[in-house]
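Only one structure is covered here, and it is reproduced in the block below.
The values are calculated or read from the model by the stated rules, or taken from the named source; none is laboratory data. Predicted model only: the values in this text are computed from it and were never measured. In this analysis, Cβ positions are derived from the backbone assuming ideal geometry, glycine residues included, and neighbour counts consider all displayed protein chains.
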Amino acid sequence: MTTANNKKGVILEGRVLAQDFPLDPLTKKILLEITPPSMGNNQADVDRVRKELIKQFGPVRVPLSLMQYIPYICRETDWQVTATVGYNGSDWELIALEPGNTTDRHYGLAIDIGTTTVVVYLVDMLTGQIISTASDYNGQVVLGDDILTRIFLAVYENKLPDFQKAVVTTINNLILELAGKNAVNPEEVSAVTVGANSTMIHMLLGLDPSRICKEPYIPVVNSPGFVRASEIGLRVNKLAMLYSFPSVGSYVGGDVIAGVMVSGMHLDSEVSLFVDIGTNGEIVLGNKDWLVACAGAAGPALEGGVAKAGMRAAEGAIERLSIEPGTLAVSFKTIGDVKPIGICGSGLIDCLSELLLNGLINRQAKFQDGCKEFVLVPATESGTGEEIKITQKDIDDLMRTKGAVNAAVETLLEGIGCDLASVSKFFTAGAFGQYLPIESSINIGLYPDLPRDKIRLLGNSSGEGARQALLSNQKRLEAEEIAGRITYFELNANDSFFSRFVGSRFLPHTNLDYYPTVKQKLKDRGLLS
């Protein structure tokens, strides 16, 4: 796993898992030794190239834009050329023809587009390894911070072209950064795969997102499949194909499908739970026989957009925090080891847990003895010259996020008639899944109280899934099969979800018996009889 850590922020870039699939990338490069034309063999140049390709791939389409260059390329190196052939969803077609033998240079891009961040991986399609990674904030952030705002602006203020341009520009800048660092010509990139939520895919492709947030929540497309990268302005080979992971519904997107594929839960006989807590909280439950999914708003409180002292995971953010029992002295660690200027999601989760375990708030998440706030960092020690504190309003907002995840998990479990005891593994994905402290997340009820060896951190599974689909048509088809198997529960129209949400605002849960290790901690601290 790698991260980008600078003044822009900390962006999870991902990890490469053990490669348990044969390489079968979306594009292939082969050396062609073509018989030159003669008076006795007057076959046309394009047909001559196509004949050699047919031997390897069967019918191969040759685009018009390449035809005029083929005679010159073939003659430049005495009819020894390297062909790049790509799959477009139904047929093979020629993407590039280069003079000489360039089969040792074969590149693709795997891209994770998040609401907040974008990560681009330059991948060696000969080995499957990530050559280099680049990341930045999604350029759409300056136009609209959250998904609903972006949809509103795209639809009612005709800003869709601006949102598409913003994310494409972000990706292109990262492509140029990777190309420059690794001496790769962007024209050498012959395939691109993308993992992203439904709204981000719509905006990337310039599709109307307006119905994503309106009943009955029907997007323009769930499975965009292959399009030309040049159609949206990506700075790669003009004939390169771009493949977007399929989604299941408006709020269970391709990033979730990629995560399920990477987790392997869809191949397991035992039941697993997959959670990705970002701007939305997406949850999938199931095994090799069945998969169910739901999603709901979750992330703003954790992304720093709700708590008064909240901020994104950037330099100066408190990322870990503890409170000394008895003295109530606060210890913390900041990103960059500098003076604190705010607190990010992982710090907020630690804070809520510590307030509970020290009896500063009760199980209803309310301050005791009439207090309304707790100072984490005095003004003299902060980087802003102002106190950094947690208020009752901040806690209430955090409880809404926690409650939404609780309620969604319980609604899924209830819907299929099982309980947490039947869950064998708990997978967490995305930046929050990687960085949220496990014990604190369990203490407040954000994560289930399972044996810790059942909890698996997947990191940026959206980016890893995109890498796997780039390198394997089998994996691409596996993702499509997963999407086709998932039953999607729409929480916005589910009465059970809302009743559970209202009753979920207890720490760690309304029923403390669901959290035996937390119950014991509270007893050990004298906070529970």
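Worth a mention:
- Residues that are crowded, with 16+ Cβ neighbours inside 10 Å, among the acidic types (Asp, Glu) and within 18 Å of Gly503 (Cα to Cα) within the range 390-419 comprise Asp397, Glu410, listed in sequence order.
- Within the range 148-173, being modelled with pLDDT under 95 and among the acidic types (Asp, Glu) holds for one residue alone: Glu157.
- Ile218 meets all of the listed conditions (1) under 20 Å from Gly144 (Cβ atoms); (2) without any contact (Cβ under 8 Å) to a residue 40 or more places away in the chain; (3) surrounded by fewer than 21 Cβ atoms within 10 Å (Cβ to Cβ) but one, namely (1).
- Test: residue in the range 492-499 that is of a type in the set (D, E, K, R) and either crowded, with 18+ Cβ neighbours inside 10 Å or within 19 Å of Gly286 (Cα to Cα) (or both): no
- Gly114 vs. criteria assigned by TED's automatic domain parsing to the domain that holds Ile171 and under 31 Å from the mean Cα position of the chain (by Cα): yes
- Count - residues of the range 83-141 that are under 30 Å from Ile277 (Cβ atoms) and in contact with a Pro (Cβ under 7 Å, 6 or more places away or on another chain): 1
- When Asp449 is tested against (1) of a type in the set (Asp, Glu); (2) within 30 Å of Met241 (Cα to Cα); (3) touching a helix residue (DSSP H, G or I) at 6+ places or on another chain (Cβ under 6 Å), just one condition goes unmet, and that condition is (2).
- Residue check, Ser269 among the small types (Gly, Ala, Ser) and within 28 Å of Ile175 (Cα to Cα): no
- In the range 261-272, the residues that are closer than 15 Å to Arg476 by Cα reach residues that are among the polar types (S, T, N, Q) with C-beta atoms within less than 6 angstrom, at least six apart or across chains, in these pairs: Val262/Ser461.
- Failed item in (1) in a loop (DSSP other than H, G, I, E, B); (2) at pLDDT 85 or above, with Val306 passing the rest: (2)
- For beta carbons closer than 9 Å, sequence separation of 6+ or different chains, a first residue in the range 438-451 that is assigned by TED's automatic domain parsing to the domain that holds Val284 and a second that is polar (S, T, N, Q) and in a loop (DSSP other than H, G, I, E, B), the qualifying pairs are Gly445/Ser504.
- If the condition is being under 18 Å from Lys308 (Cα atoms), part of a loop (DSSP other than H, G, I, E, B) and of a type outside the set (A, V, I, L, M), then the range 355-387 contributes Lys366, Cys371, Lys372, Pro378, Ser382, Gly383, Thr384, Gly385, Glu386, Glu387.
- All conditions in (1) at pLDDT below 95; (2) surrounded by 23 or more Cβ atoms within 10 Å (Cβ to Cβ) hold for Ser210, with the sole exception of (2).
- Failed item in (1) touching a Lys or Arg at 6+ places or on another chain (Cβ under 7 Å); (2) more than 16 Å from Ser441 (Cα to Cα); (3) among the hydrophobic types (A, V, I, L, M, F, W, C), with Ala379 passing the rest: (1)
- Criterion: of a type outside the set (Val, Ile, Thr) and touching a Leu at 6+ places or on another chain (Cβ under 9 Å) - qualifying residue of Glu464, Glu490, Glu439: Glu464
- Residue match in the range 194-206 (condition: free of Cβ contacts under 8 Å to residues at least 40 places away in the same chain and either outside the structural domain of Tyr488 (by TED's automatic domain parsing) or out of contact with any strand residue (DSSP E or B) (no Cβ under 8 Å at 6 or more places or on another chain) (or both)): yes
- Considering Ser382, Ser346, the condition of being of a type outside the set (A, V, I, L, M, F, W, C), in contact with a strand residue (DSSP E or B) (Cβ under 9 Å, 6 or more places away or on another chain) and either surrounded by fewer than 22 Cβ atoms within 10 Å (Cβ to Cβ) or free of Cβ contacts under 8 Å to residues at least 12 places away in the same chain (or both) is satisfied by Ser382 alone.
The rows are residues; the columns are (1) in contact with a strand residue (DSSP E or B) (Cβ under 9 Å, 6 or more places away or on another chain); (2) more than 21 Å from Arg320 (Cβ to Cβ); (3) surrounded by 23 or more Cβ atoms within 10 Å (Cβ to Cβ).
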{"position": "Ser422", "(1), (2), (3)": "yes, yes, no"}
{"position": "Thr428", "(1), (2), (3)": "yes, no, yes"}
{"position": "Gly445", "(1), (2), (3)": "no, no, yes"}
{"position": "Gly459", "(1), (2), (3)": "yes, no, yes"}
{"position": "Ser462", "(1), (2), (3)": "yes, yes, yes"}
{"position": "Lys475", "(1), (2), (3)": "yes, yes, no"}
{"position": "Glu481", "(1), (2), (3)": "no, yes, no"}
{"position": "Leu507", "(1), (2), (3)": "yes, no, yes"}
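- Among helices (runs of 4 or more DSSP H) entirely within the range 25-106, having at least 2 residues that are touching a strand residue (DSSP E or B) at 6+ places or on another chain (Cβ under 6 Å) singles out 45-57, 70-76.
- Scanning the range 29-80 for residues being in contact (Cβ under 8 Å) with a residue 60 or more places away in the chain and not hydroxyl-bearing (Ser, Thr, Tyr) gives a total of 5.
- Test: residue in the range 419-439 that is at pLDDT 90 or above and assigned to a helix (DSSP H, G or I): yes
- Among the helices (runs of 4 or more DSSP H) confined to the range 454-529, the ones with at least 3 residues that are assigned by TED's automatic domain parsing to the domain that holds Asn406 and among the hydrophobic types (A, V, I, L, M, F, W, C) are located at 461-471, 473-485, 495-502.
- Of the criteria (1) touching a helix residue (DSSP H, G or I) at 6+ places or on another chain (Cβ under 9 Å); (2) in contact (Cβ under 8 Å) with a residue 24 or more places away in the chain, which one Ser190 fails: (1)
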